[in-house]
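Encoded as structure tokens, the structure appears first; notes follow it.
The values are calculated or read from the model by the stated rules, or taken from the named source; none is laboratory data. Since this is a predicted model, take the numbers as computed values, not measurements. Virtual Cβ from ideal backbone geometry, glycine too; neighbours counted across all protein chains shown. What goes into the accessible areas is simple: the full protein's heavy atoms, side chains included, and nothing from ligands, DNA or RNA. Shrake-Rupley method; radii C 1.70, N 1.55, O 1.52, S 1.80 Å.
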Amino acid sequence: MSDMTALDNTAADTLPTLRIDRVTKSFHTAKGKITAVDDVSLDIRQGEFISIIGPSGCGKSTLMNMVGGLIADFDGQILLDGKAVRGCQPSIGMVFQEESTFPWRTAIENVAFPLEAAGMERDRRVARARELLDLVGLTGFENHYPSELSGGMRQRIAIARTLAFEPKVLLMDEPFAALDEQTRLLLGDKVVQIQQQLRQTTLLITHNISEAVHLSDRVLIMTFRPGRIKRVVEINLPRPRSSEMMGSEKFAKFVAEIWHDLREEASKGLRESEAAAAAR
Amino acid sequence: MPPFEENLMPAWLLKPNPISARFLFLAGLLAVWEIASVAGLMSRFIVPPPSEIFPTIALLFTDYDLTGSFLRTFGETFAAAGLGALGGMLGGWWLHHNRVAGKAYTDWVAAIAAAPLVLLFPLFLVIFGRNAATIVAMGTVASLPPVVLKTKEGLDNVRSVLVDVGRTFGLTRWQQVKMIMFPASLPTIFTGLRLGLVFALINVVGVEYLIGFGGMGLLIAELGDRFEIAGMYAAILFVILTSICFFYLTEKLETWLLSAR
Ligand SMILES: Nc1ncnc2c1ncn2[C@@H]1O[C@H](COP(=O)(O)OP(=O)(O)O)[C@@H](O)[C@H]1O
Ligand SMILES: [Mg+2]
């Protein structure tokens, strides 16, 4: 239990919203067994913003898919407010790295999608979707189809669509990976602003260090295969935050600190992928 | 002073646009046909000039019950394509859903799609008799393979992240089909439906012609037998018209479904 106390060093007596307890997941492939996530434990407090950072292939998506319920077969336990999570449930929402808007629905119909599926009547769901589009800054684009919008706007639609279901926990798997740097920064600002407003417990996967520092209360660094938690960095920068503080000395110190730990894992990942390429 | 062509043709016809392009192409084709036929470059008996074909249309209405034949072929094709669409979509769904069946039978369906099924008409004649059922059955069988193939392809290619989105929102299985799988694969399925319709029409008219029963196929056969060559061409024009009608209808259906999904 020693690693547990290290992770949960402030709110020891309050029940965490989300508890990941000794979770392990292996895949059996033609080439043998791959342990994607190895014995990961983590407590996340209500309203906390956590980023997970680690080299490609270290098991970040696998971990998120288990929390989100897309992978139901794993060892260990995931508890939301004390209840075990296996399979998808409305209180946990996910935003994906890949383009995930429905191309046949307009922006507002995309956002209203989960409400429609849940049987909310038309007027109410449209009004709600309109509010959420406004929240992500897409007022005026209600009736545009995704193909008529930029990648950043489509990702904001996807975020609004997930928020429409009012999840307690928001999981985002590299949601800005496909976007250019400026859009990424501005969208990051939008996400902190919304998260501070709605106080959702948020788990963000990223491989961008400054993004992790910019948005999070804590940053988790994962090791390269098998995916374990290497270190947790508490980001005690003041809120409200914006991308403008990225020039500050304190910010740079956090980035350097995280890179120091991440570097080793990233080079392991690089060596492995080079070895795999050479073997081919 | 404006160039004199502008006085001969309205400006919209000269400006490049799809409608005028079609009109000009058809006009050009008919003109070449007319000249070639009248000048004796083609046998006037085998390929009569358009100026002889068009006037016979009236004759087809009065002496040959063109309306009845047209409606009959239209109805038979509609029934065959409808049954083919229904069965084909179910079949495609099954091949998508059942991995073993998909791997085992998809190639067969593709082979059947390329086979001249119309040659099987004697078999259908034996099973159903010399009546509309044979014709509709033949048309249905011909329209099935493209619908099956395109439905399977469409469903196979639905991006898994869209399905995951549905799962995270707790969609029921039926909602997954109705709200994600079907709308996502609809454009591909429609390609199959259009092909199925064409295959149905070809086979319906073909079998009508071969077994000499009802509809445009029979009409064309009769006109040919009586050496009413101009009338035969006019009737063929009506078959083309049927196909245009169907394309128009599927297009309407597609726009309607795409906007309603
Ligand atoms: N469905 C699966 N089957 C087999 N191996 C998988 C599967 N999903 C992920 N993996 C493997 O697990 C490891 C971690 O993958 P992933 O969680 O996607 O990493 P990340 O998101 O950190 O890049 C990778 O080596 C990947 O190849
Ligand atoms: Mg990933």
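For the pair residue B:114 and residue A:245, how long in nm is the line joining their label points, each one 7 Å along Cα→Cβ?
Using points 7 Å along Cα→Cβ, the separation is 6.5 nm.
For peptide A:146-152, compute the average count of partner chain beta-carbon atoms within 10 Å of each residue's beta-carbon.
So the per-residue partner count for this stretch is 0.
From the helices alone, meaning DSSP H stretches of at least four residues, give me the mean residue ellipticity at 222 nm for the protein assembly as shown, per-run term -39500 (n - 2.57), in deg cm²/dmol to the nearest 500.
-19000 deg cm²/dmol
Work out from phi, with θ = phi - 60° and the Karplus expression 6.51 cos²θ - 1.76 cosθ + 1.60, the ³J(HN,Hα) of each residue of segment A:145-157, listed in order in whole Hz, and give x for Gly and Pro.
For segment A:145-157, the Karplus curve yields 7, x, 5, 8, 10, 7, x, x, 5, 5, 5, 5, 4 Hz.
Any aspartates and glutamates with Cα under 18 Å of the residue A:190 Cα? List them, leaving off those in the same chain fewer than 8 positions away.
A:48, A:131, A:134, A:166, A:173, A:174, A:180, A:181, A:211, A:217, A:244
At 7 Å along Cα-to-Cβ for each site, give me the label-to-label distance between residue B:253 and residue A:122 in nm.
2.5
Residue B:63: accessible area at probe 1.4 Å, nearest 10 Å²?
The accessible area comes out at roughly 100 Å².
Cut-off under 21 Å on the C-alpha distance; same-chain residues fewer than 8 positions from residue B:152 excluded. Which lysines are left, in chain and number order?
B:103, B:178
Using Cα springs under 10 Å in a Gaussian network model of chain B, which residue among B:162, B:66, B:26 shows the largest mean-square fluctuation?
B:26
If you count only protein heavy atoms and use a 1.4 Å probe, how large is the accessible surface of residue B:130, to the nearest 10 Å²?
140
Rounded to the nearest 100 Å², what is the sum over both chains of accessible area buried where A meets B, with a probe of 1.4 Å?
Summing both sides, the interface buries roughly 1700 Å².
Binning at 10 Å from 0, report for chain B what percent of all alpha-carbon pair distances ends up in each bin.
7, 22, 25, 22, 14, 7, 2, 0
Return the carbon/sulfur percentage of the accessible area of segment B:60-259, one whole number, probe 1.4 Å, all protein chains in place.
On segment B:60-259, the fraction of accessible area on carbon and sulfur atoms equals 70 percent.
Starting from the Cα of residue A:268, draw a straight line to each of the aspartates and glutamates and keep only those under 19 Å, dropping any in the same chain fewer than 8 residues away.
A:38, A:257
Note the per residue figure in Å³ for the convex hull of the C-alpha positions in segment A:74-192.
126
Please determine, in degrees from 0 to 90 and to the nearest 10, the orientation of helix B:215-225 with respect to the longest principal axis defined by the Cα atoms of chain B, where the helix direction is its Cα long axis.
Around 30 degrees separate the two axes.
Mind checking the alpha-carbon convex hull of the protein assembly as shown and giving the volume per residue in Å³?
262
Given H placed 1.01 Å from N in the peptide plane, which residues other than close sequence neighbours of residue A:172 have an amide H under 5 Å from its amide H?
The answer is A:95, A:203, A:204, A:205.
Distance from a point 7 Å along Cα→Cβ of residue B:43 to each backbone N in segment B:219-235: keep the residues under 17 Å and list them by number.
B:224-233
Taking only protein heavy atoms and a 1.4 Å probe, what accessible area per residue, in Å², does segment A:7-125 have with all protein chains in place?
Accessible area per residue: 42 Å².
Under 13 Å from a point placed 7 Å out from the Cα of residue A:99 along the Cα-to-Cβ direction: which residues of segment A:156-189 have their backbone N that close?
From segment A:156-189, the list is A:178-179.
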